[in-house]
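For reference, the structure discussed in these notes is given below.
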Amino acid sequence: EDQVTQSPEALRLQEGESSSLNCSYTVSGLRGLFWYRQDPGKGPEFLFTLYSAGEEKEKERLKATLTKKESFLHITAPKPEDSATYLCAVLPNTGGFKTIFGAGTRLFVKA
Amino acid sequence: DGGITQSPKYLFRKEGQNVTLSCEQNLNHDAMYWYRQDPGQGLRLIYYSQIVNDFQKGDIAEGYSVSREKKESFPLTVTSAQKNPTAFYLCASSMGTLQPQHFGDGTRLSIL
């Protein structure tokens, strides 16, 4: 069964304390992996798409990487405004339309 | 500005009542989706539509219905057959299945 697992469930950081969020997946082939940011009471906002192992994408303090089994979202010197839930989603290579979402990692950054 | 508009933001349902959640997009996207989000769980797909007048069931379609009469609109009806409707409902659209999805700001549905 296709599955996406995110860890940790919650992460508390001090401002400036770099860390990484993990997204591990078990799917029958990968067509794409997506990272989203979700603020409380809002819809997810797209961050990155990764298509193949070894690929990396960067945006401000965020960097996403991809291997054959997992993806990491690295946060460098986070600020309080980076506090949000980060969602990982996988599009399996089954030819269908269904994207599988992880439960997310809630990030809290304290000033 | 292009985007997805969901309404209402909050909705309350009485026993035995059907309610309809609105989703409109002006991004000219072909694909539209409805998801349900519950605390501690990933988004779960309710329905998907790739073109007008065509839609497919997702993992949790029981108790829900949709229509796609216009490219811009994809309303979701939560019927009285859905016994546990309390959740945060998200509508999304994309250029295609390989493209990232753009989300609205959701409708929170509760039972009176």
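No value in this document is a laboratory result; all are computed from the given coordinates. These numbers were taken from a predicted model, which means no experiment stands behind them. Counting neighbours? That spans all protein chains shown, and the Cβs are built from the backbone with ideal geometry, glycine included.
Table for the structure above
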read-out: Flag if A:K57 is within 26 Å of B:M95 (Cα to Cα) and either part of a loop (DSSP other than H, G, I, E, B) or away from chain B (no Cβ under 14 Å) (or both); value: no
read-out: Enumeration of residues in the stretch A:4-21 that are surrounded by fewer than 14 Cβ atoms within 10 Å (Cβ to Cβ) and among the aliphatic types (A, V, I, L, M); value: A:A10
read-out: Residue match in the stretch A:45-64 (condition: on the phi < 0 side of the Ramachandran plot, without any contact (Cβ under 8 Å) to a residue 40 or more places away in the chain, surrounded by fewer than 16 Cβ atoms within 10 Å (Cβ to Cβ) and small (G, A, S)); value: yes
read-out: Verdict on A:A64 being in a loop (DSSP other than H, G, I, E, B) and either among the hydrophobic types (A, V, I, L, M, F, W, C) or more than 9 Å from chain B (Cβ to nearest Cβ) (or both); value: no
read-out: Residue match in the stretch B:55-67 (condition: more than 14 Å from every other protein chain (Cβ to nearest Cβ), outside any loop (DSSP other than H, G, I, E, B), in contact with a strand residue (DSSP E or B) (Cβ under 9 Å, 6 or more places away or on another chain) and within 28 Å of A:T5 (Cβ to Cβ)); value: yes
read-out: A:G41 more than 22 Å from A:F108 (Cβ to Cβ) and either within 11 Å of another protein chain (Cβ to nearest Cβ) or among the basic types (K, R) (or both); value: no
read-out: Single residue of the stretch B:76-112 satisfying the filter (in contact (Cβ under 8 Å) with a residue 40 or more places away in the chain, surrounded by fewer than 17 Cβ atoms within 10 Å (Cβ to Cβ) and over 22 Å from A:F34 (Cβ atoms)) that is nearest to the other protein chains (Cβ to nearest Cβ); value: B:R108
read-out: Subset of the stretch A:65-105 [closer than 22 Å to B:L45 by Cα, touching a residue at least 60 places away in the same chain (Cβ under 8 Å) and surrounded by fewer than 18 Cβ atoms within 10 Å (Cβ to Cβ)]; value: A:N93, A:T94
read-out: Checklist (1) part of a strand (DSSP E or B); (2) facing chain A (nearest Cβ under 8 Å); (3) over 10 Å from the mean Cα position of the chain (by Cα) applied to B:Y48, failing item; value: (3)
read-out: Hey, B:N28 more than 14 Å from chain A (Cβ to nearest Cβ) and free of Cβ contacts under 8 Å to residues at least 12 places away in the same chain or not; value: no
read-out: Residue ID - nearest to the other protein chains (Cβ to nearest Cβ), chosen from residues in the stretch A:76-110 that are outside any loop (DSSP other than H, G, I, E, B) and more than 30 Å from A:E1 (Cα to Cα); value: A:F108
read-out: Among (1) out of contact with any Leu (no Cβ under 6 Å at 6 or more places or on another chain); (2) within 13 Å of another protein chain (Cβ to nearest Cβ), the one test that A:G16 misses; value: (2)
